[in-house]
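To start, the structure itself, in structure tokens.
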Amino acid sequence: MTDPKSSRYAATLPELEAVVKQLGEPAFRAKQIHQGLWQQRKPLETLSTINVQLRDELAALLPLDLVEILERTTLGGMTAKWLWQVAGGDQVETVLMQSADRATVCVSSQAGCAMGCTFCATGQAGFERHLRASEIVEQVLRAQHTCQQRVSNVVFMGMGEPLANLDEVEPALTSLQDGLGISARKIVVSTVGVVPGMDRLRAFPLPVTLAVSLHAPDDALREQLVPLNRRYPIADILDAARGYVLAKGRRVTFEYACISGINDHVHLADALANKLLGFPGGAHVNLIPLNATTGFTGRPPSPERIATFAERLTDRGINATVRRNRGTDIDAACGQLRMRTSAPVEMRESKA
Ligand code: SAH
Ligand code: SF4
């Protein structure tokens, strides 16, 4: 018997068939609905293959997991951000970034995060709960429903540490590839360096792209930014990352949040280059200007200073790019929209 409390994107095809039968409809309807929701990525309300009554009954039996609290869009409309409420009352965020050649959704994998990185708004707020696979996948679909372009890329760079929630992240990855047809290569899982999780993801069959948040070339400095470094120091993280590259044949990206006067000195670029030279597949460093948060006194360096750091890496043979900070004007950085819901709103926004 079908669980009547199953949510829309948690229901498998056999479960959909059971629900449809329960409503007195032939089983083939379930296939049509499944195809509409997944391959065609349409909202249930717009499926033209079923009548309004069936749609309403299905909507009641298979509710959505995410309740929209807030949607913000940049003035050009190319970046959008949502704050959702999930069961239990916690809030999570999703960002959609569009460009001419791709549409990327940045998903949260947990409500909050237990890792406590000092510069991160999510880390400052602490852990609430793991998200379920259907709650992760629904973020992608709800963003898709607002956008003409087909979502081509998914990055696990919203709230939470995905490798601390692999029991749900792995089935979400499978659904993204099998259900939505998003190739694993176009999915990036970003980790703060949970070594056992990196090893587990290496054994997972899909070749998703791994990004490792490094932020510092030495353990003493990294420990100040990333408390988890005491448990998994840089050498262990780099070993696990090497293992991932060798198993999957996918290049690993290293993220580096640049903080003025803390980790942006040229000698640290040299130290980082020394650590990463000869990394299998060639290491790629993605420099992210810090998004200032209320719980951390650090500030982003000037663009010139970040450019100098990037050049130094490149001169030393390490591929480096600077991430353009899209959507900071709508608090699109990790955990920041939630922190602001009690503060005055400055941007154009719409409520569901
Ligand atoms: N927990 C994972 C994924 C989510 S965070 C991880 O830490 O990798 C995604 C990225 O945003 C990470 O590289 C993280 O270091 C970065 N980030 C978090 N807070 C930030 C801030 N205030 N400014 C710039 N980057 C930040
Ligand atoms: Fe968690 Fe990532 Fe934020 Fe660290 S940077 S607290 S791991 S979400």
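Quick notes
- For the chain, modelled as a GNM whose springs connect Cα atoms under 10 angstrom apart, the maximal fluctuation among GLY116, GLY298, GLY88 occurs at GLY88.
- Residue with peak Gaussian network fluctuation, the chain [Cα springs, cutoff 10 Å], from LYS248, LYS31, LYS186: LYS31
- Carbon and sulfur %, accessible surface of the stretch 120-173 computed with the full protein complex present, 1.4 Å: 46 percent
- 0 to 90° range, to nearest 10: angle between helix 303-315 axis and the chain longest Cα axis: 80 degrees
- Net charge over other residues, Cβ less than 13 angstrom from the Cβ of HIS145 (K, R count +1; D, E count -1): +1
- More than 11 Å apart - percent of Cα-Cα pairs taken over the stretch 13-61: 64 percent
- Taking amide H positions as modeled 1.01 Å from N, with prolines and chain starts lacking one, no residue 5 or more places away or on another chain lies under 5 Å from ASN263.
- Ordered from highest to lowest accessible area with the whole protein assembly present and a 1.4 Å probe, MET78, MET157 read as MET78, MET157.
- Averaged over residues, the count of other Cβ atoms within 10 Å places the peptides 168-175, 47-54, 268-275, 231-238 in the sequence 168-175, 268-275, 231-238, 47-54, highest first.
- The chain: most fluctuating residue of THR46, THR191, THR94 per GNM, C-alpha cutoff 10 Å: THR46
- Helical content of the chain, expressed as a calculated mean residue ellipticity at 222 nm, amounts to -9500 deg cm²/dmol (DSSP H runs of 4 or more residues, -39,500 (n - 2.57) each, divided by residue number, nearest 500).
- Restricting attention to the stretch 54-209, close to 75% of DSSP beta bridges with both partner residues there are antiparallel.
- Carbon/sulfur fraction of accessible area - the stretch 13-61, other protein chains in place, 1.4 Å, %: 53 percent
- For the chain, the longest principal axis of the Cα atoms and the long axis of helix 266-276 meet at an angle of about 60 degrees.
- Net charge, GLU304 excluded, C-beta distance under 15 Å - Lys, Arg +1, Asp, Glu -1: +1
- Amide H to amide H distances under 5 Å link ALA103 with SER152, ASN153, where only residues 5 or more positions off or on other chains count and H is placed in the peptide plane.
- In the stretch 24-90, the chymotrypsin sites (Phe, Trp or Tyr not before Pro) that fall in loop regions by DSSP, at most 14 other Cβ within 10 Å: none
- Sum of side-chain charges, PHE156 neighbourhood, beta-carbon under 15 Å (Lys, Arg +1; Asp, Glu -1): -3
- From phi via Karplus (6.51, -1.76, 1.60), per-residue ³J(HN,Hα) for the stretch 136-151 in Hz, x at Gly/Pro: 6, 5, 4, 4, 5, 5, 5, 5, 4, 4, 9, 10, 5, 5, 6, 4
- With DNA, RNA and ligands ignored, accessible area of SER213 (1.4 Å probe; Å², nearest 10): 20 Å²
- In the calculated pair-distance distribution of the stretch 83-172, the portion above 17 angstrom amounts to 47 percent of the Cα-Cα pairs.
- With protein chains left intact and a 1.4 Å probe, residues in the chain average 42 Å² of accessible area per residue.
- Rounded to 10°, Cα long-axis angle of helix 52-61 versus longest principal axis of the chain: 60 degrees
- Rg/Rh for the chain (Cα atoms only, Rh after Kirkwood) is 0.99.
The values are calculated or read from the model by the stated rules, or taken from the named source; none is laboratory data. Just so it is clear, the model here is predicted, and its values are computed rather than measured. Every residue, glycine among them, receives a Cβ derived from its backbone with ideal geometry; neighbour counts consider all protein chains shown. For accessibility, only protein heavy atoms count, side chains too; no ligands or nucleic acids. Shrake-Rupley method; radii C 1.70, N 1.55, O 1.52, S 1.80 Å.
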